[in-house]
């Protein structure tokens, strides 16, 4: 199913479900990030490698994008950010758009080039507890800094009274439960099948705890590493759903979710 400006409205597109270096850079799954098509604002979150091409192939023209958000500077989350920003401004011909990112994305050894930042209207630095209102009925907040080696944040969109949360890369810690409480949609980067103390990523076991505690209307697992792919993410999601009583699904590349009904759009 190819999208256009009209059919993108009210949709969330998973332009990739690859987690960590082996799956993302081994081309085992796409890593284009999340694309939120709110009716009056288009937001690209974590445009990793191939995001520019994956969006175009899905019918999303990158110059439709109004806001780009980076959860952190690791390349599986930001490798295509400069392509997206360059396209968003039509190669600098139209100064527009907003970039939200942690400070180390634009500091020494930046992942976002100064050249592309000069072409957008504004860059804002994400900090713990920050909230940014876009429209009267649409805002984004960054409730807590994650534990992931570099400065990393998840985010919460609030749109028309519904709460959409994205728990980006992190190892599990108790404060996540209070930070994302009240989520209607909960997207979890679930890279590992089982916890590994040496790797700062959530596991399926961590996801089970978080989902059971927060009880969202829908939980979506994504950002899979090799152990999750080997275990078949859809089977892992079904197991968590059966144990928690919460609807849990595993995302797949180019999956489209309706933001109002929280249901997967049938693709043709």
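Read-outs: derived from the displayed coordinates by stated rules, not from any lab. Predicted model, so just to flag it, every value in this text is computed and none were measured. Quick reminder, even Gly has a Cβ in these numbers, built from the backbone with ideal geometry, and neighbours come from all protein chains shown.
Numbers at a glance
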| item | result |
| --- | --- |
| Residue tally, condition closer than 14 Å to residue 86 by Cβ and in a loop (DSSP other than H, G, I, E, B), over segment 99-110 | 0 |
| Enumeration of residues in segment 220-253 that are surrounded by fewer than 18 Cβ atoms within 10 Å (Cβ to Cβ) and farther than 13 Å from residue 193 by Cβ | 234, 238, 241, 242, 243, 245, 247, 252, 253 |
| Spans of strands (runs of 3 or more DSSP E) in segment 31-98 with at least 1 residues more than 15 Å from residue 140 (Cα to Cα) and touching a strand residue (DSSP E or B) at 6+ places or on another chain (Cβ under 9 Å) | 31-38 |
| Tally of residues being touching a strand residue (DSSP E or B) at 6+ places or on another chain (Cβ under 6 Å) and surrounded by 15 or more Cβ atoms within 10 Å (Cβ to Cβ) across segment 121-131 | 3 |
| Residue in segment 67-81 that is within 29 Å of residue 133 (Cβ to Cβ), without any contact (Cβ under 8 Å) to a residue 40 or more places away in the chain and more than 17 Å from the chain's Cα centre (by Cα) present | no |
| In segment 148-165, residue farthest from residue 67 (Cα to Cα) [restricted to those that are crowded, with 18+ Cβ neighbours inside 10 Å and touching a helix residue (DSSP H, G or I) at 6+ places or on another chain (Cβ under 8 Å)] | 151 |
| Residue that is nearest to residue 80 (Cα to Cα), among those in segment 9-36 that are surrounded by fewer than 23 Cβ atoms within 10 Å (Cβ to Cβ) and free of Cβ contacts under 8 Å to residues at least 60 places away in the same chain | 25 |
| Of residues in segment 202-217 being surrounded by fewer than 21 Cβ atoms within 10 Å (Cβ to Cβ) and out of contact with any helix residue (DSSP H, G or I) (no Cβ under 9 Å at 6 or more places or on another chain), the one nearest to residue 247 (Cα to Cα) | 217 |
| All positions within segment 247-258 that are part of a loop (DSSP other than H, G, I, E, B) and either within 14 Å of the chain's Cα centre (by Cα) or under 20 Å from residue 191 (Cβ atoms) (or both) | 251, 252, 253, 254, 255 |
| Selection within segment 132-147 - surrounded by fewer than 20 Cβ atoms within 10 Å (Cβ to Cβ) and in contact (Cβ under 8 Å) with a residue 60 or more places away in the chain | 134, 135, 138 |
| Conditions (1) in contact with a helix residue (DSSP H, G or I) (Cβ under 9 Å, 6 or more places away or on another chain); (2) buried (at least 18 other Cβ atoms within 10 Å of the Cβ); (3) more than 30 Å from residue 59 (Cβ to Cβ); (4) without any contact (Cβ under 8 Å) to a residue 40 or more places away in the chain: number failed by residue 179 | (1) |
